[in-house]
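This report refers to the structure that appears directly beneath it.
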Amino acid sequence: MLSLRNLLVGFGIALCAVALAACGGGATVTEPTPGPTCSPGETVQMVYPIPGATGVPDNPQQFVFVVSTPLPTYNAFFNNANTLSGSVATYATMNTITPGQVPSPAATPAIPNPVYQSVTLPYGFSSRVTIYVWVNDTSSNCTPLGPLGSFTTL
């Protein structure tokens, strides 16, 4: 016989499974360790999605940054508020891509001779929300740098 307790436990497990599936299983809700801000020693510019853009598809899956030299130990943090509290990190680290692999439209790099770095996501975002983006050095306990930009989904 199905008891109220078993029903509530089952509902709780199902809710956790849905939450994990919504994140694509590729993210964590663990907040970054407070400490000094991550400093790559150079300027990092978000070029896709364009900072401040509206009407960005809610499943962009690729984020592109430009730097002077590659940041192989960096990933990205995302939140729907201008704070790291409650942010979600990617497990994927930055990969170097060619300028031809940057989705359109993208911002014009302000860095001379830029190196294009891409982070991919296995999940999307809710519709009509503003998303803020930080970058994080995974080899350090620093606080992620940013937000480097934000955009609003369709």
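Coordinate-derived values only; no laboratory data. Just so we're clear, the structure is a prediction, and the values are computed from it rather than from any experiment. We place every Cβ from the backbone using ideal geometry, glycine too, and count neighbours over all the protein chains shown.
Taking square-rooted eigenvalues a ≥ b ≥ c of the alpha carbon gyration tensor, is the range 28-154 rounded, prolate or oblate, where a/c under 1.5 means rounded and, failing that, a/b exceeding b/c means prolate? If you can, show how the numbers build up before the last one.
Details: a/c = 1.61, a/b = 1.02, b/c = 1.58.
The shape class here is oblate.
Using the 10 angstrom Cβ neighbour count as an exposure proxy, how do VAL129, VAL67, VAL115 rank, fewest first? Mind showing how you got there, number by number?
On the way: VAL129 12, VAL67 22, VAL115 17.
The order, fewest Cβ neighbours first, is VAL129, VAL115, VAL67.
Here the residues SER87, SER127, SER104, SER68, ranked from fewest to most Cβ neighbours within 10 Å of their Cβ, fall in the order SER104, SER127, SER68, SER87.
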